[in-house]
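A.B. asks: Here you go, one structure.
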Amino acid sequence: MTDLTASPLGRATTYGDTYDAALLFPVDRAPLRAELDVAGAPPFFGEDVWTAYELSWLDLDGKPEVAIATLRVPADSPAIVESKSVKLYLTAFNQTRFASPHAVQAAMARDLTRVTGSVVDVALATPASFAALPHAEPAGECLDALPLAIEDYVPAPDSLITTGPAVSETLFSRLFRSVCPVTGQPDYASVQISYRGPSIDRAGLLRYLVSFRRQPGFHEHCVERIFVDLQRRCRPAALNVHARFTRRGGVDINPYRSSAPMAPPVNARTARQ
């Protein structure tokens, strides 16, 4: 497994302001998936959509420019990128001169592709398009008003049971929380689950999602665990799991996993992001 002691996580860090691609720190996906008994080709498709809100650089005359970057990392990439290293990397653009936003975009795509081992798509939204960026709350029926008594906060896949005939529905919760596997900082998310198959007990599903509250895990790994547990316990004919995590350090991460190859939902920011 990747040695996280070599990463910037959990350490006091000096934020530089000069571009440095070496700041990006990869984390191999394979050992994390081995914890889920997933070897070889994973049983899902998808991508991790990052939104970086605090991107700034200098033009050739030294005048600052700003943009919002969207980074799309394929779920089949050999590695993810440790999030604090991404924040350090983006901060390091601040006093670096680039000829154009396209040059910034190309540098980011090149560096992230190298680190993850798969082609990463990078798009920049400049201020002229900020007003058109989408905002939306999760679609589907919210589970959060269901009454629950909970004592333990360890992932409980046994809570996932089917209770009826086949349905096609979308459910979501805003109550998800996990913690950083190194620092213990909380990570909050809205989790949306769309499926077609035997009806999943809603109270059990909410109990399962809440059970991650003290669970250490990277965002991507938590979503893959949810997908794998639902697939194994409930046997849906089709399944999509989409999480939108609240931002930390100016970056949010939104992993999407699906049983079929399809585009993820529109990257629409929720109120909490």
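The values are calculated or read from the model by the stated rules, or taken from the named source; none is laboratory data. This structure is a prediction, so every number in the text was calculated from the model and none was measured. So basically every Cβ, Gly included, is an ideal-geometry build from the backbone, and we count neighbours across all protein chains shown.
A.B. asks: Looking only at the range 127-167, count how many residues are of a type in the set (Ser, Thr, Tyr) and either surrounded by fewer than 11 Cβ atoms within 10 Å (Cβ to Cβ) or touching a residue at least 60 places away in the same chain (Cβ under 8 Å) (or both). Reasoning before the result, please.
C.D. replies: Kept after step one, since they are of a type in the set (Ser, Thr, Tyr), are these residues of the range 127-167: 129, 153, 159, 162-163.
Checking the rest, the ones that are also either surrounded by fewer than 11 Cβ atoms within 10 Å (Cβ to Cβ) or touching a residue at least 60 places away in the same chain (Cβ under 8 Å) (or both) come to 153, 162.
The qualifying residues number 2.
A.B. asks: Quick check on my filter: what residues within the range 178-195 are assigned to a strand (DSSP E or B) and either under 16 Å from Thr270 (Cα atoms) or touching a residue at least 40 places away in the same chain (Cβ under 8 Å) (or both)? Full working, then the answer.
C.D. replies: Keep residues of the range 178-195 that are assigned to a strand (DSSP E or B), which gives 178-179, 186-195.
Of everything in the range 178-195, those that are assigned to a strand (DSSP E or B) and either under 16 Å from Thr270 (Cα atoms) or touching a residue at least 40 places away in the same chain (Cβ under 8 Å) (or both) turn out to be Ser178, Asp187, Tyr188, Ala189, Ser190, Val191, Gln192, Ile193, Ser194, Tyr195.
A.B. asks: Among the residues of the range 147-169, is there at least one that is closer than 24 Å to Glu54 by Cβ and out of contact with any strand residue (DSSP E or B) (no Cβ under 7 Å at 6 or more places or on another chain)?
C.D. replies: Of the residues in the range 147-169, the ones closer than 24 Å to Glu54 by Cβ are none.
No, that holds for no residue.
A.B. asks: Can you tell me which condition Arg97 does not meet? The list is (1) in contact with a Gly (Cβ under 9 Å, 6 or more places away or on another chain); (2) under 26 Å from Val38 (Cα atoms); (3) surrounded by fewer than 17 Cβ atoms within 10 Å (Cβ to Cβ), and all the others hold.
C.D. replies: Condition (2) is where Arg97 drops out.
A.B. asks: Okay, moving on. Search the range 91-118 for residues that are at positive phi and pair each with any residue that is in a loop (DSSP other than H, G, I, E, B) and among the hydroxyl-bearing types (Ser, Thr, Tyr) when their beta-carbon atoms are under 6 Å apart and the residues are at least 6 apart or on different chains.
C.D. replies: Gly117/Ser77
A.B. asks: Within the range 70-83, which residues are closer than 11 Å to Met108 by Cβ and surrounded by fewer than 22 Cβ atoms within 10 Å (Cβ to Cβ)?
C.D. replies: Thr70
A.B. asks: If you don't mind, there's one more thing I want to ask. Is it true that some residue in the range 144-157 is under 19 Å from Ala203 (Cα atoms) and in a helix (DSSP H, G or I)?
C.D. replies: Yes, that holds for at least one residue.
A.B. asks: I'd like to know if the range 99-111 contains one or more residues that are in a loop (DSSP other than H, G, I, E, B), under 15 Å from Ser56 (Cα atoms) and at pLDDT 95 or above.
C.D. replies: yes
A.B. asks: So for the range 193-211 (the condition being within 13 Å of the chain's Cα centre (by Cα), of a type in the set (Phe, Trp, Tyr), at pLDDT 95 or above and outside the structural domain of Asp37 (by TED's automatic domain parsing)), does at least one residue qualify?
C.D. replies: For the range 193-211, residues within 13 Å of the chain's Cα centre (by Cα), of a type in the set (Phe, Trp, Tyr), at pLDDT 95 or above and outside the structural domain of Asp37 (by TED's automatic domain parsing): absent.
A.B. asks: Specify which of the listed residues (Pro236, Pro264) is out of contact with any Lys or Arg (no Cβ under 8 Å at 6 or more places or on another chain) and not assigned by TED's automatic domain parsing to the domain that holds Val122.
C.D. replies: Pro264
A.B. asks: Which of (1) modelled with pLDDT of 95 or more; (2) touching a strand residue (DSSP E or B) at 6+ places or on another chain (Cβ under 8 Å) does Gly184 not meet, given it meets every other one?
C.D. replies: For Gly184, the exception is condition (1).
A.B. asks: So which pairs qualify, if the first residue must be in the range 261-273 and among the hydroxyl-bearing types (Ser, Thr, Tyr), the second must be part of a loop (DSSP other than H, G, I, E, B), the Cβ gap must be under 8 Å, and the two must be at least 6 apart or on different chains?
C.D. replies: Within 8 Å, the pairs are Thr270/Ala136; Thr270/Glu137; Thr270/Pro138.
A.B. asks: Filtering the range 196-226 down to residues that are among the aromatic types (Phe, Trp, Tyr) and not in a helix (DSSP H, G or I), which residue is farthest from Phe176 (Cα to Cα)?
C.D. replies: Among them, the one singled out is Phe218.
A.B. asks: State yes or no: is Arg225 surrounded by fewer than 17 Cβ atoms within 10 Å (Cβ to Cβ) and closer than 20 Å to Leu160 by Cα?
C.D. replies: No; evaluated as a whole, the condition is false for this residue.
A.B. asks: Same structure, new question: Would you be able to say whether some residue in the range 157-167 is assigned by TED's automatic domain parsing to the domain that holds Thr51 and polar (S, T, N, Q)?
C.D. replies: Scanning the range 157-167 turns up no residue that is assigned by TED's automatic domain parsing to the domain that holds Thr51 and polar (S, T, N, Q).
A.B. asks: Check Ser168, Ser159 and return the single one that is polar (S, T, N, Q) and farther than 13 Å from Gly197 by Cβ.
C.D. replies: Ser159
A.B. asks: Now for a different question. Being out of contact with any Lys or Arg (no Cβ under 9 Å at 6 or more places or on another chain), under 17 Å from Glu54 (Cα atoms) and surrounded by 15 or more Cβ atoms within 10 Å (Cβ to Cβ) is the filter here, so list the residues in the range 113-126 that pass it.
C.D. replies: Correct list: Leu124, Ala125.
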